[in-house]
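A.B. asks: If you scroll down you'll find the structure; I have some questions about it.
The values are calculated or read from the model by the stated rules, or taken from the named source; none is laboratory data. Values in this document were obtained by computation on a predicted structure and should not be read as measured data. Counting neighbours? That spans all protein chains shown, and the Cβs are built from the backbone with ideal geometry, glycine included. Heads up: the accessible areas ignore ligands, DNA and RNA and are worked out on the full protein's heavy atoms, side chains in. Shrake-Rupley method; radii C 1.70, N 1.55, O 1.52, S 1.80 Å.
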Amino acid sequence: MLSIALSELIQIFRNRSVLITSFVMPVAISAFFIYQHELFASVGSLGYIAAIVMFTVCAFGLYASSVTTLASRRQNLFLKRLRSTAAGDAGILTGLVLPVTVIALVQVAVIMAVLGVVTGTPANLGLLVLAVAATVAMMIGLGLATAGLTNSPEHAQVTTLPVSLGVIAVASWVGIAGTEDLTLLKRLLPGGSATELVVNAWNGGVAVTDSLLLLAPTLAWVVVAVVLASRLFRWEPRR
């Protein structure tokens, strides 16, 4: 698994398009939100800024990159070669998505730290960590499922758009409008409960027990994504 992850990490740094998607775009967008934090805080809140930068990194840096990676490795028959070795399926998948996952987590941590320095620390850091972890798990699962519908890295630019733009749209909707109206719908949409959890963790003012309940819809999406991935992701047959 680690040898696969190391090889994949080297490939990421050699691929300019993946570097732009994984590093430049999320960092640039997040930097803009932090630079204009007073404007966006007046529209939503500081918690909204934290949620939107988290989903920007997870949507473009993690989700889209993992779909592109898996589609590329299947197209060039790398998956087929890996399945001819002693490596198990779980180890192969973990090795392939581990680099982009670690990169995304580091980016989120650094961006959140910068936001905390600029605007003040979050009210509940532990709750924020839980929200990030649940969101990352959800986006990885959705990435595996989408990879099953993606034939090539070029095709990934199309297949990843609905989820990428969708979760960011939901995060903006929930972060700005709140969940006082259409509560159930907003929380059940992918990214809705995670956004509310990040807002609560950063802004405070909500009981921890109430906030922890918001993990349930996100974890449910993790289960749904894993089930979809198990049915959609096409493995090359083992030799």
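A.B. asks: Would you check if there is a residue in the stretch 160-182 being touching a residue at least 12 places away in the same chain (Cβ under 8 Å), over 23 Å from ALA31 (Cβ atoms), part of a helix (DSSP H, G or I) and over 19 Å from the mean Cα position of the chain (by Cα)?
C.D. replies: No.
A.B. asks: Which one is farthest from LEU142 (Cα to Cα) among residues in the stretch 63-89 that are among the small types (Gly, Ala, Ser) and part of a helix (DSSP H, G or I)?
C.D. replies: From the stretch 63-89, those among the small types (Gly, Ala, Ser) are 64-66, 71-72, 84, 86-88; that's our starting set.
Then keep just the ones that are part of a helix (DSSP H, G or I); that gives 64-66, 71-72.
Numbers: ALA64: 10, SER65: 12, SER66: 10, ALA71: 14, SER72: 17 Å.
Ranking the candidates gives SER72 first.
A.B. asks: Would it be correct to say that PHE23 is more than 20 Å from the chain's Cα centre (by Cα) and farther than 19 Å from GLY166 by Cβ? Walk me through it before giving the result.
C.D. replies: Details: more than 20 Å from the chain's Cα centre (by Cα): no; farther than 19 Å from GLY166 by Cβ: yes.
No, not satisfied.
A.B. asks: Consider the stretch 217-227. How many of its residues are open to solvent by 60 Å² or more (accessible area, probe 1.4 Å), under 17 Å from the mean Cα position of the chain (by Cα) and among the aliphatic types (A, V, I, L, M)? Quick ask: steps written out before the conclusion?
C.D. replies: The first filter runs over the stretch 217-227 and keeps only residues open to solvent by 60 Å² or more (accessible area, probe 1.4 Å), leaving 219, 221, 223-224, 226-227.
Remaining after also requiring under 17 Å from the mean Cα position of the chain (by Cα): 219, 221, 223-224, 226.
Filter once more, keeping what is among the aliphatic types (A, V, I, L, M): 219, 223-224, 226.
The qualifying residues number 4.
A.B. asks: Given the structure, is THR135 in contact with a helix residue (DSSP H, G or I) (Cβ under 7 Å, 6 or more places away or on another chain), at pLDDT 95 or above, buried (at least 23 other Cβ atoms within 10 Å of the Cβ) and within 18 Å of VAL57 (Cα to Cα)?
C.D. replies: Working: in contact with a helix residue (DSSP H, G or I) (Cβ under 7 Å, 6 or more places away or on another chain): yes; at pLDDT 95 or above: yes; buried (at least 23 other Cβ atoms within 10 Å of the Cβ): yes; within 18 Å of VAL57 (Cα to Cα): yes.
Answer is yes for this residue.
A.B. asks: Exactly one of (1) in a helix (DSSP H, G or I); (2) surrounded by fewer than 15 Cβ atoms within 10 Å (Cβ to Cβ) is unmet by GLY205. Its number?
C.D. replies: The single condition GLY205 does not satisfy is (1).
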